Each structure stands twice: as C-alpha cells, then as structure tokens.
Amino acid sequence: MGLKTIKVATLSTSKRLGLLSAMGRSRWRTGRLLILGYHGISVDDEHLWNSALYMTQDALRRRLELLQRNDCSVLSLGEAVSRLAANDLPPRAVAITFDDGYYDFLARAYPVVREFGMPVTVYQTSYYCGSSRPIFDVACSYVLWKGAAQHVEGLPFTGAPGVLDLSTGERRAAVCFRIRQQAQRTGMSAEEKDQLLERLAAALGVETAAMRRRRLFQVMNPGELRQIVQDGVDVQLHTHRHRTPRNRDLFVREIVDNRTFLASVGQPAPEHFCYPSGDYDESFLPWLAELGIKSATTCDTGLATRSTRSLLLPRLIDSSALTDVEFEGWLHGLSQVLPRRPIQHAIPLE
C-alpha cells in the first residue's frame, strides 16, 4: 500500500470520526496560516500535459467551495501576514496566491475568484508583460508533449545529431533542457526563440495557431494588469525576469525593476514577494529586508506560525493530484503532521 493511499485512508477516517474538524477548531490550528499557491488554470488541455502546474477551472471552483464548506477564514495576504505576526489569526486562516501572472489567471481563475468574492494575490513577473509571444521554455515543453508520437531529428534543435526520444515525460524534459541550453549557448533573442518554437512545432506536426490565439503560456499585459488592480486584485513581486541571481546587485535589480513595473500598472508600493520556482538562498534575506519586503513565500510545503521567518513562508502548492480529503486535511491542519513526499516544483518561467 502506497503512502498516498495510507494518507487518504487516514484522513477519510479522521473526517468520518470528527477528528479532522476538531483539529481545525483547535488552538494549534488557529495559530497557523495556510498559504495556498497556484500556477496555471487550464485554458485548453494544459492540465493533461502537466498536472503539477495546471488544474481545470472546475477543479479551482471545487477548491474554493471546500474553503467555504469548511468555514475557512480567507484573508488577503497582507492581512494574513500582519495577523500571523501579531498572533491574531482567525480560525482556519487561509491566504490564496497565484504565481507568474499568466493570462489564464484573467481568463479562467479570476471569474471563479470573483464568483466567490475571495481576496487573492498574484505574484507577477514583469519582463514578459510587453510581449505577445508564449514563454519559450514552458511552451517548448508543451509542444514536445503534444508531438510525443513523432520522430524528429534533433540536430536543428539541440545542436546534436540523433532522433529525439520523446517517449516519456522524463525524456521529454531532458530534450527540452537540451533545446533550452542550445538556445542559450547560441545567444538566441526572444524573437529567435519564438521562431525556433515554430520550427519545432512544425517538425512535430503540432498546430500553434490556436495556442497563440488563446494566449497559452503568455502573461497578462499592462492594460489587463491595470484593470485587475483597479478591481482590487493584490499584485505583488515575483522578480522582473523570473530569476534569483546570487549576485546582490543583480538580485536587487530584479526587485527594483519588478517594483517599478508594478507601480506603472497601479500598484505603487508592493512589499510582498515570492521566490520564482521556489528558488531561494539565505543570502537573499538581508537583501529583501533592505528593500522593505515584509514577506516572501517559498514552494516549501507547510503551515506558517508566528515563529516562521517572514521571508521564508511555506505554502501548499495545490495541484490536480491532491484529492479533496487531502486538501481538507491541510485546511484543518492534520496533513501538516502526516508524512509526505517532497513536492517537485513547477517548470521555471525563464
């Protein structure tokens, strides 16, 4: 019997016996904050390609229904962080975050969020907001998945001869990495990467017109961001170029450029941050503090307490693989004390 099966059985039994809700009412849970993290909400079939990165709109709606049904206190991120520090959280406190700021947030997530009237934070990377192209790295992985049944010579794409092996997810990831390396090694511009993506799709027999029309793997543009900020969506820092360099000056530049862009779309003083792809280092903490950042979230799984460092806050990165009862286990806190496997982080947006 696998770990997940045992965990689901334990949680189901605990729910049936009333132990789950009892834990949710406990002082122990009230002293903890659950920050939910989401990436993509499918416009098409992205959840079939990468269920760790994408879920359907219906699945998101189901999550928000469970938040309501379990009487969770859904707070804005700023309020949640402040009340956590003051040891003043309401019962079953939850904050909801979305990473990267893809167009699918506007098209698929935001209508559901508005339906439930819950506050959310979008961690927005900004360099790509002026582009109408799909993000190369993520789109490349998707195209390889769509064309997995084809046999294609790799030399034009990886720089090395041999037929590309796309038979498994692991092998497709390796091919994608080699293509990305080749693009970097040859110094391709964004436009040249986009042309490479088109050549790869053509070789694999993958149609990209619908992908571009429906804006898969594109981030929200400045006009769209201004609108959601005006509507009350909290938009916060996620670096300008979706990277966390170990050099202090380069790291600070990422935050400053990101902050300047967010100010231009109506968010004048962003002070909360999310590490892109969960990539963080102890050296970042004093740099973030100097920049006036009040909180920073990771992709490490867990509940935050008053003693948790505010610049290393854990989250639950929700995914389609999580069952309803596992999700409820996190809402009430029981999943925090159950054994779990490490979570694989999402594909970096670079």
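Details
- C-alpha center-to-center spacing [segment 3-35, segment 79-133] in angstrom: 25
- The C-alpha atoms of the chain define a longest principal axis, and helix 57-69 lies at about 10 degrees to it.
- To the nearest ten degrees, helix 136-146 and the longest principal axis of the Cα atoms of the chain are 80 degrees apart.
- The chain: antiparallel DSSP beta bridges as a percent of all, rounded to 5: 10
- Near TYR103: Cβ cut-off under 15 Å, other residues only, Lys/Arg at +1 and Asp/Glu at -1. The net charge is +1.
- Contact order for the chain, expressed relative to its length and based on alpha carbon pairs under 8 Å spaced 6+ residues apart, stands at 24 percent.
- Cut-off 10 Å between beta-carbons: net charge of the residues surrounding SER42, Lys and Arg +1, Asp and Glu -1: -4
- Relative contact order for segment 136-213: 38 percent, from Cα pairs under 8 Å spaced at least 6 residues apart, divided by residue count.
- Assigned charges on the beta-carbon of Lys, Arg, Asp, Glu; segment 136-213 dipole about Cα centre (debye): 120
- For segment 147-176 versus segment 264-297, the gap between their alpha-carbon centres in whole angstrom: 37
- Each residue of segment 3-14 was assigned a 3J(HN,Hα) from its phi angle through the Karplus expression (A = 6.51, B = -1.76, C = 1.60, θ = phi - 60°), giving 4, 5, 4, 5, 5, 4, 5, 5, 5, 5, 5, 4 Hz with x at Gly and Pro.
- Amide H contacts under 5 Å for SER295, placed H, 5+ residues apart: PHE273
Every number here is computed from the coordinates shown, using simple stated rules; none is lab data. For clarity, every value in this text was computed on a predicted model and none was experimentally measured. Here the Cβ is made from the backbone with ideal geometry for all residues, glycine too, and neighbour counts use every protein chain on show.
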